[in-house]
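One structure below.
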Amino acid sequence: MGPLLFRSTNLQSPAVNLRDAMLTGQAPDRGLYFPEKFPCLAPEEIAAFTNLPYHEIAFRVLSRFTAGVVPDEALAAMCREAYNFVIPLEKTYDRIHVMRLDQGPTASFKDFAAQMMARLFGYFLRETGQQLTILTATSGDTGAAVAHAFHNIPGVRVIVLFPFDEVSRSQRKMMTTLSDNVRTVAIDGKFDDCQAMVKRAFADPELKHIPLSSANSINIGRLLPQSVYYFYAASRVAQPGEPTVFAVPSGNFGDMMGAVVAKQMGLPIKKLIAPVNSNDAFPKFLETAHYEKISPSRNAVSNAMNVGHPSNLARLVAVYGGRMDETGKIHQMPDLAAMRRDVFSSSVSDERTRETIREVWNKYGLLLEAHGAVAWRGFLDWLAVEPMGDVPAVILETANPAKFPEEIEKTIGFSPDVPATMEAMNQMPEDFDRMGANYDAFRKYLLEKHA
Ligand SMILES: *Cc1c(COP(=O)(O)O)cnc(C)c1O
């Protein structure tokens, strides 16, 4: 049996193995790579996760995708190295839990994907002897997670662009205190400017000789590792075979697609709740069957979810038999009735987000930041329309409250404790370049750096 193949959601490019799908990022037809067929785990295999540590579950899930392209021993070592931090599951009331995915090196759930993706990239590049420059634009969490994950990976250079005025000091420190193969460039402009500069670089014929790749969330290598924590959570809170409810705060829909992948592989999920902030294109689509992206995207307090057109929707639509292209145009309608049975979504305003942070703190002594609060409120929105029954629920908290001290202080009157790793980074000297939102200057910079 050959390795598992990945095909493009636009169906116009040849299917490729995981290595090629990851190194290419986006398929040549501009679609997103997705498994041609999902590997399945038998109920006994999933039941056996109950007694296994996280890195071992990660190995058993991910090896189904890497078989034939990464040897098992290499993958097992990557899992052990990548997942050496705790994943708290806090019980609130009844069988409702909060899973904190904020204990990685940069205190957001993006570490789960970035840590694994960087190691897989490193492995593939060693194998082919290639050198690669990873170019990424960030509004905060992604840049930090990617910079940390790729720091000191041989064969890779990382260049991160961020909008100087739109990133908090603590978010900036997580990117600018590294050096070696990681360069950060502060742009005097907006996130949109950074993203536009990166896009132009990818399409620039004068840069053709520089092998560029991206680490953004359309890369299948960032999506697959995000299926593991759903298996992990269920193994800790559910009886074998018992379905779980998950609530996942959603922006670009990569995190919730991790749950969809887990379900396709055999994990019983009763309902997948994917609430959004005021960028409500998805809940509207689910309700009306009419998709209209939000442009420009709306600014909300859960700023990592300010996405007007979630690119991973193309993958969700594909799972339900439809086809959506990269612009959001639907060529074939998915089975919406089935999607509604499996998935619930609502839009949570900033006012409801802040109310939720206060309410959860006062009632349960549990501190959520804005992204986790959107998940909690979306879960309550679902409870108002469907009976939960006696099954467990897991609400995902995707960032550490200490990343947003001003917002928390404003909402509940005190600022959160800062974890030791974050505190250490706050003390380190910064080193970054700075330029205007000028593409020609950026091209010159890339050419000089490459020489
Ligand atoms: C990126 C991010 C999200 C949204 O995840 P998607 O995969 O884009 O839906 C939610 N919370 C935090 C803290 C994030 O950084």
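For ALA247, the residues whose modelled amide H falls within less than 5 Å of its own, excluding neighbours fewer than 5 places apart on the same chain, are ILE273, VAL394, ILE395, LEU396. Going 7 Å from the Cα of ASP325 toward and past its Cβ, which residues in the range 1-28 have a backbone nitrogen under 16 Å from where you end up? In the range 1-28, the label zone of ASP325 (backbone N under 16 Å from the point 7 Å along Cα→Cβ) covers 8-13, 27-28. Peptides 203-212, 49-58, 226-235 ranked from most to least packed, by the mean per-residue count of other Cβ atoms within 10 Å: 226-235, 49-58, 203-212.
The alpha carbon radius of gyration of the range 157-203, expressed as a multiple of 2.2 N^0.38 Å, is 1.15. Computed over the Cα atoms of the range 86-178, pair by distinct pair, the Kirkwood hydrodynamic radius stands at 14.6 angstrom. For the range 247-301, the alpha carbon positions stretch 37, 26, 14 Å along the principal axes, listed from largest to smallest.
Report the Stokes-Einstein translational diffusion coefficient (µm² s⁻¹, integer) for the range 163-260, Rh taken as the Kirkwood radius over Cα pairs, at 25 °C with viscosity 0.890 mPa s. Before the final figure, lay out each step's value.
Details: Rh = 17.0 Å.
Value of D from the Cα-based Kirkwood radius: 144 µm²/s.
Local charge for MET257 was computed over the other residues whose Cβ lies under 11 Å away, with Lys and Arg +1 and Asp and Glu -1, and equals +2.
Residues in the range 338-382, backbone N under 16 Å from the label point at ARG236 (7 Å along the Cα-to-beta-carbon vector): list them, ranges by number please. Counting only backbone N, you get 367.
Fully extended, how many nm does the chain gain between GLU448 and ALA289 (0.36 nm per residue separation, minus their Cα-Cα distance)?
Going from the current span to full extension adds 52.3 nm.
All other residues whose Cβ lies under 12 angstrom from that of ILE294 are scored, Lys and Arg at +1 and Asp and Glu at -1, for a net of +1. Backbone geometry of the range 149-164 corresponds, through the Karplus equation with coefficients 6.51, -1.76 and 1.60 at θ = phi - 60°, to 3J(HN,Hα) couplings of 5, 8, 4, 6, 7, x, x, 10, 10, 10, 10, 10, 9, 9, x, 3 Hz, x marking Gly and Pro. Packing-based ranking of 181-193, 304-316 yields 304-316, 181-193, ordered from highest to lowest mean Cβ neighbour count within 10 Å.
In deg cm²/dmol and to the nearest 500, what is the mean residue ellipticity at 222 nm of the chain if only DSSP H runs of at least 4 residues count, each as -39500 (n - 2.57), divided by the residue total?
-12500 deg cm²/dmol
Set the Cα radius of gyration of the range 344-390 against 2.2 N^0.38 Å, with N its number of residues, and you get 1.14.
Counting only the Cα atoms, the range 292-451 fills a convex hull of 214 Å³ per residue. In the range 396-447, the C-alpha radius of gyration followed by the widest Cα-Cα span (Dmax) gives 17.4, 49 angstrom.
Extending 7 Å from the Cα toward the beta-carbon at both ASN51 and ASN152 defines two label points whose distance is 3.6 nm. Express in % the proportion of alpha carbon pairs of the range 42-197 at distances exceeding 26 Å. Tail of the P(r) past 26 Å holds 37 percent of the pairs. The alpha carbons of the chain stretch over 62, 58, 44 Å along the principal axes, in descending order. Over the range 22-62, the pair-distance histogram of Cα-Cα distances with 5 Å bins from zero comes to 5, 17, 20, 15, 13, 12, 11, 6, 1 percent, rounded to whole numbers.
Using the Karplus relation 6.51 cos²θ - 1.76 cosθ + 1.60 with θ = phi - 60°, the per-residue 3J(HN,Hα) values for the range 344-354 come to 10, 8, 9, 9, 10, 6, 4, 4, 5, 4, 5 Hz, with x marking Gly and Pro.
A 1.4 Å probe run over the chain, with the rest of the protein chains in place, finds 40 Å² accessible per residue.
Listed peptides 413-426, 105-118 appear in the order 105-118, 413-426 once ranked by packing, highest mean of other Cβ atoms within 10 Å at the front.
Our estimate of slack between ASP165 and ARG30, defined as 0.36 nm per intervening residue step minus the Cα-Cα distance, is 45.5 nm. What the phi angles of the range 305-312 give under the Karplus curve with 6.51, -1.76 and 1.60, with θ = phi - 60°, is a coupling list of 10, 7, 10, x, 9, x, 5, 6 Hz, glycine and proline written as x.
Available extension along the chain between ASP180 and LYS208 is 7.7 nm, counting 0.36 nm per residue and deducting the alpha carbon span. Between GLU44 and ASN426, the simple spin-label model (points 7 angstrom out along Cα→Cβ) gives 5.2 nm.
The values are calculated or read from the model by the stated rules, or taken from the named source; none is laboratory data. Note that this is a predicted model, so its numbers are computed, not measured. Note that each Cβ is placed from the backbone with ideal geometry, even for glycine, and that neighbours are counted across all protein chains shown. Ligands, DNA and RNA are excluded from the accessible area calculation, which covers all protein heavy atoms including side chains. Shrake-Rupley method; radii C 1.70, N 1.55, O 1.52, S 1.80 Å.
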